[in-house]
Amino acid sequence: MALSCGLIGLPLTGKTTIFNLLTGAQLATSAFSSGKTAANIGHALIPDQRVDYLSTMFKPKKTTYAQLEIIDIAGLSFGGGSEFLTAAREADAFVHIVRGFINDEVLHIEGKTDVMRDIDLVAQELLLADLQLIETRIQRIQSGTKKKLEHPLEESVLQKCQDFLLEEQPLSALSLTEEEQEALKHITFLTTKPMLIAVNLDEDQFSANNWQQKQQVQKYCADHGHQLLPISARLEEEISRLPAEERGLFLDELGITESGLSRLSKALYRQLGLISFLTAGNDEVKAWTIRNNLPAKQAAGKIHSDIERGFIRAETVSFQHLQEAGSIAAAREKGYFRLEGKEYPVQDGDIINFRFNV
């Protein structure tokens, strides 16, 4: 499955620049300033050193990385409207790009840079959108002679959510029973979606790891369960223009081990509770995205329904063990390979060969 990630935020935060860097697109960064509100959609490969290692080992005809679907959503200050809400609801998770850099040549639409203010502005927009959705749904249920309920508890749970939102709390913080969650499963709320806050810094701020309101933002993210990622779109542009062999040296000079775009994709994986298992052979080395601890039989279904239906065993070795052994033969000699049953919870980095019969 391709994880769908919506880039949201105010205009002139570097959102489209980051979209371009992630997807390889070459969109004009001023496109939304012209009044354009339709979302841009692209795909980004998720860097994975394990896939690189296995490709070197197997020299396959094809190498396939996990992917992110990236949706660049118009800035909220342009009214968003139905196009913004439609695009936002299609995303599995949000990355809120917040402007931390100060640039007098590119004025902030609110007059000056204020990270916490901007985080709150966007959070309020999402909250208001959910409130409006609930009000519309309740009115529809209560209109006419018969209530059009999808579930007997739907109206009462919607009112419970409405009360919570009126206290300016996101629905992600509301505890609901399994039955209450079932009552609302047909409704897509924005404030329940996982959120990553990416603060876009200039080169000096990023190198010094110091920026305005840093501690307040850290506390906010901790309190709300959001991942926090400082990033510099300008630095990422510089890295992207370097020859591949020079990028490592550039990162070393900055005191980091991987690019911000790589860290972004991994942070999203953690936020959504996703992992990758791997398949490897002479034809293809591939990373497959699944939920953490998904049973082996269901993981097999990600490859093909026939493999899930005829599942017998999952021949499994962890990437760490294979790397330690240095080869498939050595890993077998050391007893690192295991035969796992259908209920085995697949772990991140498992290399699996599914045995099946149909």
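Using C-alpha pairs below 8 Å separated by at least 6 residues, the relative contact order for the chain is 18 percent. Protein heavy-atom surface of the chain, 1.4 angstrom probe: 47% of the accessible area is carbon and sulfur, with nucleic acids and ligands not counted.
Taking Cα centre as origin and charging only the Cβ of basic (Lys, Arg, +1) and acidic (Asp, Glu, -1) residues, the dipole magnitude of the range 204-319 rounds to 660 debye.
Once you sort the root eigenvalues of the Cα gyration tensor of the range 247-309 as a ≥ b ≥ c, which label holds: rounded (a/c under 1.5), prolate (a/b larger than b/c) or oblate (the other case)? Since a/c reaches 1.5 but b/c is at least a/b, the shape of the range 247-309 is classed as oblate. Using DSSP to call loops (not H, G, I, E or B), can you name the GluC sites (Glu not before Pro) in the range 296-358 whose Cβ has at most 16 other Cβ atoms within 10 angstrom? Taking the range 296-358 and a limit of 16 other Cβ atoms within 10 Å, the loop GluC sites (Glu not before Pro) found are GLU343. At a probe radius of 1.4 angstrom, the accessible area of the range 122-205 per residue rounds to 55 square angstrom. Simple spin-label estimate for LEU249 and GLU343 gives 5.5 nm between the two label positions (7 Å along the Cα-to-Cβ direction from each Cα).
A 1.4 Å probe run over the protein chains yields, for the range 250-358, 50 Å² of accessible area per residue, whole-number rounding. Averaging Cα coordinates gives a centre for the range 267-321 and one for the range 153-187; these two points are 33 Å apart. Ranking ASP202, ASP163, ASP72, ASP104 from most to least accessible surface, computed with a 1.4 Å probe over the protein chains only, gives ASP104, ASP163, ASP202, ASP72. For the chain, the dipole from Cβ point charges (+1 on Lys and Arg, -1 on Asp and Glu) about the Cα centre works out to 1180 debye, to the nearest 20. Can you compute the modelled spin-label distance between LYS219 and ASN353, with each label point 7 Å from Cα toward Cβ, in nm? Calculated label separation equals 5.6 nm.
Highest mean packing first, where packing is the average number of other Cβ atoms within 10 Å per residue, the peptides 93-99, 255-261, 243-249 line up as 93-99, 255-261, 243-249. The stretch between ASP283 and GLN181, if pulled fully straight at 0.36 nm per residue, gains 32.4 nm over its current Cα-Cα span.
Rounded, prolate or oblate: which fits the range 270-358, taking a ≥ b ≥ c as square roots of the Cα gyration tensor eigenvalues, rounded meaning a/c under 1.5, else prolate when a/b beats b/c? It is oblate, given that a/c is not under 1.5 and a/b is not larger than b/c. Net charge dipole, the range 41-130: roughly 660 debye, given to the nearest 20, about the Cα centre with Cβ charges of +1 for Lys and Arg and -1 for Asp and Glu.
Beyond 21 Å, what share of the Cα-Cα pairs of the range 77-230 remains, rounded to the nearest whole percent? Taking all Cα-Cα pairs of the range 77-230, the fraction more than 21 Å apart is 53 percent.
Compare the Cα positions of TYR220, GLN271, SER259 along the charge dipole of the range 213-272 (+1 at Cβ of Lys, Arg; -1 at Cβ of Asp, Glu; about the Cα centre) and return the one farthest towards the positive end. About the Cα centre, the residue reaching furthest to the positive side is TYR220. Mind running the shape call on the chain? Use the C-alpha gyration tensor, a ≥ b ≥ c as the square roots of the eigenvalues: rounded below 1.5 for a/c, prolate if a/b tops b/c, oblate otherwise. Since a/c reaches 1.5 but b/c is at least a/b, the shape of the chain is classed as oblate.
Note on the range 100-143 and the range 205-254: Cα centroid distance 24 Å, given to the nearest whole angstrom. Residue pairs exceeding 22 angstrom between C-alpha atoms, taken from LYS15/LYS112; LYS61/LYS342; LYS15/LYS193; LYS61/LYS286; LYS266/LYS286; LYS112/LYS214: LYS61/LYS342.
The values are calculated or read from the model by the stated rules, or taken from the named source; none is laboratory data. The model shown is predicted, which means the values in this text are computed figures rather than measured ones. Every residue, glycine among them, receives a Cβ derived from its backbone with ideal geometry; neighbour counts consider all protein chains shown. Protein only, heavy atoms only, side chains kept; ligands, DNA and RNA dropped before computing areas. Shrake-Rupley method; radii C 1.70, N 1.55, O 1.52, S 1.80 Å.
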